[in-house]
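Report on the structure given below.
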Amino acid sequence: MHIHLRVPCAALLCVATLAAQAQGVNKCTVDGKVTYSDMPCPANAASAAILAVPSAPAPDPAAADDLARLRKEAAKLEKARHQREDQDARAADRAAKAAAVQRKRCGKLKLNKRWADEEVARATLPNLDNAKLRAKRAGDTLALECPE
């Protein structure tokens, strides 16, 4: 029974030693260079000191509440940002589709204008006035819808 008491005492002694080491930082000077470590200084150290490390302050409950509130607000803002980005992407897609439709429409109007001009060039005297009128109307439509 005497041996059983030594094991718990030895374990307590190890834990106490580790706790003591965790509370201090060893400052060692070797060859003019200062180092800080949680390990003891080497035997050839010119100077050795154990610096006390203050314990962490107790958490402030108000700060925890503020942090929770700020995290919730940040999540809300992040969600709103994603929604705006999605809306912007959809608007950009719609604008790109509308631009493609407009380019196609302008291409057709340019082709109609070119055909109307060719018709004027081939028109005989009785049909010339009608051909010129169609060419003018095709040009006006092109200028109105595609002001490039």
Backbone HN-Hα couplings from phi across the stretch 83-94 [Karplus 6.51/-1.76/1.60, Hz, Gly and Pro as x]: 5, 5, 5, 5, 4, 4, 5, 5, 5, 5, 5, 4
HN-Hα J in Hz across the stretch 112-125 - Karplus 6.51, -1.76, 1.60, θ = phi - 60°, x for Gly and Pro: 4, 5, 5, 5, 5, 5, 5, 5, 4, 5, 8, 5, 8, 4
The stretch 37-48 - phi-based ³J(HN,Hα) in whole Hz, Karplus 6.51/-1.76/1.60, Gly and Pro as x: 7, 8, 9, x, 5, x, 5, 8, 6, 5, 8, 9
Set of the stretch 92-120 residues, backbone N closer than 16 Å to the point 7 Å along the Cα-Cβ line of LYS136: 116-117, 120
Extension gain from ALA68 to VAL101, taking 0.36 nm per residue of separation minus the Cα-Cα distance: 6.9 nm
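Quick one: grab the alpha carbon gyration tensor of the stretch 30-124, order the square roots of its eigenvalues as a ≥ b ≥ c, and give me rounded if a/c is under 1.5, else prolate or oblate depending on whether a/b is larger than b/c. List each step's numbers first, then the result.
Values: a/c = 12.39, a/b = 2.93, b/c = 4.23.
Oblate.
Tell me the net charge near LYS110. Cut-off is 12 Å between Cβ atoms, LYS110 excluded, with +1 for each Lys or Arg and -1 for each Asp or Glu. Walk me through the numbers before you get to the answer.
On the way: positive: ARG103, LYS104, ARG105, LYS108, LYS113, ARG114; negative: ASP117, GLU145, GLU148.
In short, +3.
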Rg/Rh (Cα only; Kirkwood hydrodynamic radius) as it applies to the stretch 74-148: 1.44
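Just so you know, all these numbers are worked out from the coordinates, no wet-lab data involved. Given the structure is predicted, the values throughout are model-derived calculations rather than measurements. Cβ sites come from the backbone with ideal geometry, for glycine too, and all protein chains shown count toward neighbours.
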